[in-house]
1. For K355, all conditions in the list (1) of a type outside the set (A, V, I, L, M); (2) buried (at least 21 other Cβ atoms within 10 Å of the Cβ); (3) touching a Ser or Thr at 6+ places or on another chain (Cβ under 8 Å) hold save one; what is the number of the exception?
2. Does A342 count as crowded, with 20+ Cβ neighbours inside 10 Å and more than 30 Å from W131 (Cα to Cα)?
3. Just one of the numbered conditions (1) over 15 Å from the mean Cα position of the chain (by Cα); (2) on the phi < 0 side of the Ramachandran plot; (3) surrounded by 16 or more Cβ atoms within 10 Å (Cβ to Cβ) is not true of H287; which one?
4. Please list, ordered by first then second residue, the pairs with beta carbon atoms under 8 Å, 6 or more apart or interchain, first in the stretch 256-271 and in contact (Cβ under 8 Å) with a residue 40 or more places away in the chain, second in a strand (DSSP E or B) and of a type in the set (K, R).
5. With the requirement that a residue be more than 16 Å from the ligand (Cβ to nearest atom) and modelled with pLDDT of 90 or more, what does the stretch 135-153 give you?
6. Using the structure shown, decide if N184 is away from the ligand (no atom under 16 Å from the Cβ), modelled with pLDDT of 95 or more and polar (S, T, N, Q).
7. State the number of residues belonging to the stretch 368-403 that are in contact with a strand residue (DSSP E or B) (Cβ under 9 Å, 6 or more places away or on another chain), at pLDDT below 80 and assigned to a helix (DSSP H, G or I).
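The values are calculated or read from the model by the stated rules, or taken from the named source; none is laboratory data. All of these numbers come straight from a predicted model, not from anything done at the bench. Cβ placement follows ideal geometry from the backbone for every residue including glycine, while neighbour counts extend to all protein chains displayed.
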Amino acid sequence: MAVSIDLKAPQARTGLAENVQAENLLAERAIASKAASSAVPGAAPGEEKPSLIGLSREELGEALVSVGVERRQIKMRVAQLWQWLYVRGVADFSQMANVSKDLREKLAAAFTIARPEIVTEQVSVDGTRKWVLRFPAKGAGRPVEIETVYIPEEGRGTLCVSSQVGCTLTCTFCHTGTQRLVRNLTADEIVGQVLLARDRLGDFPEAATPAGAIVPSEGRLVSNVVMMGMGEPLYNFDAVKAALAVVSDGEGLALSKRRITLSTSGVVPMIEKAGAEMGVMLAISLHAVRDELRDELVPINKKYPLKDLLAACRAYPGLSNARRITFEYVMLKGVNDSLADAKALVQILKGIPAKINLIPFNPWPGSAYDCSDWDQIERFADAVNQAGYASPIRTPRGRDIFAACGQLKSESERMRKKDRDSLEAARVTELAAG
Ligand code: SF4
């Protein structure tokens, strides 16, 4: 059943338990409005104003200087803007009531604080929400699309954020891995995903929660951020670091670093640096306990084999029983799900404060794997639990809208693939006919 979402209807916040009416809600809405566009009037198509989102306080100060704000006022003005951008969540300079009209106009003429354009917003039967977002062209490039996913649970709401458009790595269980890398996202585009989600969910003071939305019944609606969407975050280190500094800034979005997790496929030389400079929680996309198999599932393993990866994990700054590394393990039928694999997993993680996340494989069109049988997943989990690891089986979320782990791929890429497949099918039919 397809249901349109009224994007503007104000609605009192609803809890998970109260949301029975949201059952079977599957909504998809293409948003034709270009309200989010920030093109400079009179500029060549695709030319955009620089964004103030995602800048450090120092960079924001320099931006203010560039429009004529006196240096002695900078600290105060930066604090004002920071409040509007990240506490109040405004997306338009005209709403900054305590900033003079003259300065608002200067800022609006030179910069943007617009949200990314929403191409589609889909809501799964389980309340998972996926946005396809479009960002303007950078330089000579084209506009790009990425996916951001919100997963509501009782007591928490997790936002899965993308760091790249496509990916250079080709993990064979991952849909994004079939899409070539187009470009890295910038810090404003990474922070923009968080701002947009909070807007759409009603997690800013003036924003309303959409009718029927499934959200946690108390606390912040976006309580956790995982850098686990499209791309390898450690291949876009500087932008991810800058973005997470803004997301965790105590006077703005104020998400604790313990609630931010960076997931890597295993870019070993950057792991220690990530811990030292970002200080967020670490997740490793592990999926195999032997190099031969991991070389196939996560090909970066050929460059940085398990021994090096695990050594980097042991050396992760701040590692303790209270700050464990999460090891992600996708359950692939007959590939990595034997009890011998479970025992080897326990063995190789010895001495590392760790959590193991078992992820039932989420299939996608053309994927070469099947999800392990549920009984086998439970046996595997038991073996790992008996060794003293908390190893929750991650309930598949958002499968019906291709929002689950490993299923992300930009909509335009999906459409292009569909077109290529139809052309290929037509060509085969033509050849067969003639
Ligand atoms: S799992 Fe992550 S690193 Fe591997 S292909 Fe997918 S997006 Fe890239």
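1. Among (1) of a type outside the set (A, V, I, L, M); (2) buried (at least 21 other Cβ atoms within 10 Å of the Cβ); (3) touching a Ser or Thr at 6+ places or on another chain (Cβ under 8 Å), the lone unmet condition for K355 is (2).
2. yes
3. (2)
4. Partner pairs satisfying both residue conditions: R258/R323.
5. So the first thing to find is which residues in the stretch 135-153 are more than 16 Å from the ligand (Cβ to nearest atom), and the list is 135-143, 150-153.
The answer is F135, P136, P143, Y150, I151, P152, E153.
6. Working: away from the ligand (no atom under 16 Å from the Cβ): no; modelled with pLDDT of 95 or more: yes; polar (S, T, N, Q): yes.
No, not satisfied.
7. Qualifying residue count for the region: 2.
Residues checked against (1) surrounded by fewer than 19 Cβ atoms within 10 Å (Cβ to Cβ); (2) at pLDDT below 95:
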| site | (1), (2) |
| --- | --- |
| G68 | yes, no |
| Q73 | yes, no |
| R88 | yes, no |
| F93 | no, no |
| D126 | no, yes |
